[in-house]
Every structure is written in C-alpha cells, then in structure tokens.
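Report on the following structure.
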Amino acid sequence: MILLLALALFDGLSFQGWQPAAGLPHNGSWRIEDGAIATGKPSSGRHDLLSTAVPADFDLSFEYKLAPGANTGLKYFVRHSLFYEAGLPDFARGAAAIGPELQLVDDESPEVPKPDQKTGALYGLLAPDKPAHAPAGQWNHARILCRSLICEHFINGQRLLRVDFTSPQMRDKALALASSPGATISAAGAVAVAHLKPGPAAIALQHHNGNAWFRNISVKAAATR
C-alpha cells in the first residue's frame with residue numbers, strides 16, 4: 001500500500017512558497033492575518049498569488065471565507081500570467097494567473113447572475129450541479145480532485161461539478177468563450193482550458209472583488225482510480 005501524505009502549501013505565518021503572478025513584487029495585494037492569506041488593499045495593482053507547483057494528479061484542500069458580496073476563486077493548472085490593462089487604479093500594474101477557475105463567491109451578490117458564475121462552478125464554462133450552501137462571513141471547506149485531467153469540485157463535502165478537460169465538448173465550449181466579444185482575462189483562461197496538458201503546475205488565489213481569506217491549504221498526489 002502506498003501512503004499518500006498531504007503537504008501544507010501555506011505555513012500560516014508567511015508567504016514562503018507563494019509569489020505574485022508574472023513575477024511581480026509583493027505590493028500589499030495580499031497579507032497574512034490570523035493564520036490565513038487575506039486580500040489586501042494594493043496601491044499599485046491587484047496580483048493573483050501563485051503557489052509552487054503541485055502534482056499533475058492532485059487532491060487539493062483548503063478553507064476559505066468571504067466578506068458579503070465578495071467574488072474570488074482558486075485557479076489551477078496555472079502555467080501563465082497576464083498583465084491587466086484596465087484603466088482602474090486598483091488594477092493598474094497588476095497581473096492575473098491564467099487557468100481553469102473554481103469559482104468562490106457570495107452567491108447572493110448581484111454581480112454573479114449566471115449559473116456558471118456561482119460557487120463551485122468552473123468559472124464561465126460549467127455551472128455546479130447544485131447550490132453550494134457556502135454562506136459569506138463564515139469558513140467553508142473546498143476541495144479539488146484531479147486525475148488524468150478529469151477534475152471534481154467539492155464545497156463543504158458536496159461534489160458540485162465534474163469536468164473532463166480532455167473531452168472535445170469541453171474544448172469546443174472553451175474556444176467558443178475565448179472568441180466571444182469583449183472577452184479578456186476570461187478568454188485567456190478559456191484558451192488554457194482548451195489546450196490543457198498534463199504535468200505539474202501552480203495553483204493561484206485570485207484577487208478580484210471584496211475581501212477573502214484562505215487557510216489550511218494542503219495538497220497530496222491523487223490516488224489512482
């Protein structure tokens with residue numbers, strides 16, 4: 001029997017093992033608060049925050065908490081980043097990680113009217129099978145299990161979504177999103193989804209809108225089926 005041990009990706013005290021997207025310097029976009037990685041108030045652009053590489057087949061687990069109205073996510077299979085070009089001060093000189101995204105959001109927010117924007121979704125591509133029941137203002141548990149580019153999203157113990165990134169249907173859907181009018185960062189993420197390859201890659205905490213906290217982040221190699 002092979003014992004699969006979980007590796008802590010966050011020590012609860014520092015940013016050791018974490019780097020802002022695109023190699024940018026830490027600028028206050030993120031801070032450490034009470035044993036959690038928390039969004040901050042950047043003065044020179046929002047940065048997504050990247051981990052060291054995790055295995056190609058992985059079982060990732062973490063806890064998160066959102067302020068009311070907050071909208072964020074965790075991206076995985078991250079191998080690229082893009083600089084923002086938005087004219088807003090809080091995006092200027094910031095950078096976003098590119099990859100499929102487990103959406104984490106206050107589902108009561110009017111900012112996310114579409115099913116594929118709700119908690120547990122593969123953002124912009126697949127809606128969760130059922131509501132997440134993950135209230136803002138309290139700690140919730142999330143898990144992503146990926147084996148051979150087939151991934152499952154769990155929130156508070158419930159499996160909300162299963163996606164096969166190798167399927168032609170997913171590729172076609174992602175390319176359609178990438179070519180839709182007005183698509184920017186979402187388009188880049190969709191292109192990444194359409195052309196995913198197996199292999200180690202980073203995960204990334206998204207800095208989007210509202211305050212968010214992440215703690216007890218750990219990963220282990222996923223057991224074979």
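Just so it is clear, none of the values below were taken in a lab; they were calculated from the coordinates. Remember, it's a predicted structure, so these values are computed and weren't measured experimentally. Glycine also receives a Cβ, built like all others from the backbone with ideal geometry; neighbour counts cover every protein chain displayed.
Assorted remarks:
- Apart from one condition, HIS207 fits all of (1) surrounded by 14 or more Cβ atoms within 10 Å (Cβ to Cβ); (2) not in a loop (DSSP other than H, G, I, E, B); the exception is (2).
- Restricting attention to region 8-22, the residues being loosely packed, with under 13 Cβ neighbours inside 10 Å and in contact (Cβ under 8 Å) with a residue 12 or more places away in the chain number 3.
Yes/no per residue for (1) on the phi > 0 side of the Ramachandran plot; (2) loosely packed, with under 15 Cβ neighbours inside 10 Å; (3) more than 14 Å from the chain's Cα centre (by Cα):
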{"position": "LEU4", "(1), (2), (3)": "no, yes, yes"}
{"position": "ARG31", "(1), (2), (3)": "no, yes, yes"}
{"position": "ASP48", "(1), (2), (3)": "no, no, no"}
{"position": "PHE58", "(1), (2), (3)": "no, no, yes"}
{"position": "VAL78", "(1), (2), (3)": "no, no, no"}
{"position": "ALA92", "(1), (2), (3)": "no, no, yes"}
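- The condition of being surrounded by 20 or more Cβ atoms within 10 Å (Cβ to Cβ), in contact with a Phe, Trp or Tyr (Cβ under 8 Å, 6 or more places away or on another chain) and not basic (Lys, Arg) holds for GLY73.
- For region 119-131, the candidate set comprises residues that are part of a loop (DSSP other than H, G, I, E, B) and within 16 Å of the chain's Cα centre (by Cα); within that set, the residue that is nearest to ASP107 (Cα to Cα) is THR119.
- Residues (of a type in the set (Ser, Thr, Tyr) and touching a Ser or Thr at 6+ places or on another chain (Cβ under 8 Å)) located in region 65-103: THR72
- Of the residues making up region 193-204, those that are assigned to a loop (DSSP other than H, G, I, E, B) and under 23 Å from ALA36 (Cβ atoms) number 0.
- Enumeration of residues in region 210-220 that are assigned to a strand (DSSP E or B), in contact with an Asp or Glu (Cβ under 9 Å, 6 or more places away or on another chain) and more than 13 Å from ARG143 (Cα to Cα): TRP213
- Filter result for ALA174 (surrounded by 15 or more Cβ atoms within 10 Å (Cβ to Cβ), of a type outside the set (Ser, Thr, Tyr) and touching a Phe, Trp or Tyr at 6+ places or on another chain (Cβ under 6 Å)): no
- Extreme residue, nearest to the chain's Cα centre (by Cα), among residues of region 145-157 that are of a type in the set (A, V, I, L, M), surrounded by fewer than 22 Cβ atoms within 10 Å (Cβ to Cβ) and in a strand (DSSP E or B): LEU145
- Single residue of ASN156, ASN140 found to be among the polar types (S, T, N, Q) and either in contact with a Phe, Trp or Tyr (Cβ under 7 Å, 6 or more places away or on another chain) or within 16 Å of PHE58 (Cβ to Cβ) (or both): ASN140
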